[in-house]
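Have a look at the structure below, then the notes.
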Amino acid sequence: MAPTTRRHDPRRRRRIIDAAIRVMAAKGIAGLTHRSVAAEADVPLGSTTYHFATLDDLLVAALRQANEGYAPALTVRDGEDLAGALARLLGEALTADRGRAALEYELYLEALRRPALRPVAAEWGEAVAHALAGRVDPVTARALVAVMDGITLQVLLTDAPYEEAYAHEVLTRVLGHRG
């Protein structure tokens, strides 16, 4: 019997993370196991445990990847105020792929029970606050992040359509009609 040669797959780690996100999208966080991810990624079980010793390690990587795709590039269009830009970005995030937004918030809320996720969960708010630097003071930036989180959770939990005009009004009030 000839020895098998191992192929080096530099994208394997990313494929495992992508598979974990697909598993969680289909089954929720409770459905995430090394075995389910290995099957979804079409890799040996040992590959998942090699790259991610614990499920928390895998969840951290998945949340970090979700954050990378979610942190907005704050652009204010001609004739648009800051509240309008934020309301538009929020709407784009909620309407582009509502399932992905729901999964991102499920991961975000999982940080309540899994301390390893907390620093990564905080990264999104920090990224938005950083994007707002120079436009508003730090306290207002944090308030805007809190309001956007609240609106997002309300929309996701109630399965209601996103109302950009409502978001714009609330964000305008937080800004005190600045922006």
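The table for this structure:
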quantity	calculated
Leu94 vs. criteria under 15 Å from the mean Cα position of the chain (by Cα) and over 20 Å from Val23 (Cα atoms)	yes
Number of positions in the range 133-179 that are of a type in the set (D, E, K, R) and either in a helix (DSSP H, G or I) or surrounded by 19 or more Cβ atoms within 10 Å (Cβ to Cβ) (or both)	5
Inter-residue pairs, beta-carbon under 8 Å, first farther than 11 Å from Asn67 by Cα and touching a residue at least 24 places away in the same chain (Cβ under 8 Å) and in the range 115-136, second of a type in the set (Ser, Thr, Tyr) and open to solvent by less than 20 Å² (accessible area, probe 1.4 Å), 6+ apart	Leu132/Thr140
Residues within the range 37-84 that are open to solvent by less than 30 Å² (accessible area, probe 1.4 Å), at pLDDT below 90 and among the β-branched types (Val, Ile, Thr), tallied	0
Meets criteria (more than 18 Å from Ala66 (Cβ to Cβ), more than 11 Å from the chain's Cα centre (by Cα) and open to solvent by 10 Å² or more (accessible area, probe 1.4 Å)) for Arg88	yes
Residues of the range 94-111 that turn out to be closer than 16 Å to Tyr166 by Cα and open to solvent by 20 Å² or more (accessible area, probe 1.4 Å), as a count	1
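The values are calculated or read from the model by the stated rules, or taken from the named source; none is laboratory data. None of these values were measured; they are calculated from a predicted model. Cβ atoms come from the backbone with ideal geometry, glycine included; neighbour counts cover every protein chain shown. Please note that ligands, DNA and RNA were not included when accessible areas were found on the heavy atoms of the full protein model with its side chains. Shrake-Rupley method; radii C 1.70, N 1.55, O 1.52, S 1.80 Å.
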